[in-house]
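Rule-based calculations on the coordinates, nothing more; no lab input. Values in this document were obtained by computation on a predicted structure and should not be read as measured data. A quick note on method: Cβ atoms are made from the backbone with ideal geometry, for glycine too, and the neighbour counts reach across all protein chains shown.
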Amino acid sequence: MNTYHVIVTDVAKADLKRYRDYILKKFNNPQAAKDLIHDFRDTRKQLEIVAGSLQSPASNELIRRNLKRINFLKHSYFLLFQIVDETVFITNMFHFLEDYENKLR
């Protein structure tokens, strides 16, 4: 089985911090923020194994940028990533309800 080295870019780290801070400020719920962090880590870990087997996206914008998507295991968020050889670069994190394609431009 092929495994990948996963790197989280600074942009993706900032995205995670922004969502965590939003949960803390808006809902005053440290446990929910902690759960989001754990789900991010679990999803990242999953990428080490499944990155190469995930389907190409239906989005023309993601195809143009050579990006793929993986949904969080337990929350309504997803990661965008790019595979270069045996390395996966997590480039962004978004909530399901966001207009992420326009934010990428």
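Helical content alone sets the calculated 222 nm signal of the chain at -14500 deg cm²/dmol, taking -39,500 (n - 2.57) per DSSP H segment of four or more residues and averaging over every residue.
When you restrict to C-alpha pairs under 8 Å that are six or more residues apart and normalise by the size of segment 5-104, the relative contact order lands at 32 percent. Note that the chain shows a convex hull volume over its alpha carbon atoms of 99 Å³ per residue.
Please label the shape of segment 1-58 as rounded, prolate or oblate, based on the square roots a ≥ b ≥ c of the eigenvalues of the alpha-carbon gyration tensor (a/c under 1.5 means rounded; beyond that, a/b larger than b/c means prolate, else oblate). Note, shape of segment 1-58 comes out prolate.
3J(HN,Hα) along segment 31-43: 5, 5, 5, 5, 4, 5, 4, 5, 5, 4, 4, 5, 5 Hz, from the Karplus curve 6.51 cos²θ - 1.76 cosθ + 1.60 with θ = phi - 60°, whole Hz, x for Gly and Pro.
Determine the alpha carbon to alpha carbon distance for each of 13/68; 34/68; 25/45; 74/103 and list only those over 22 Å. From the list (13/68; 34/68; 25/45; 74/103), the Cα-Cα distance tops 22 Å for 34/68; 25/45; 74/103. Approximating the spin labels as points 7 Å out from Cα along Cα→Cβ, the residue 103-to-residue 29 distance works out to 1.9 nm. Counting only alpha carbon atoms, the long axis of helix 10-27 and the longest principal axis of the chain meet at about 30°.
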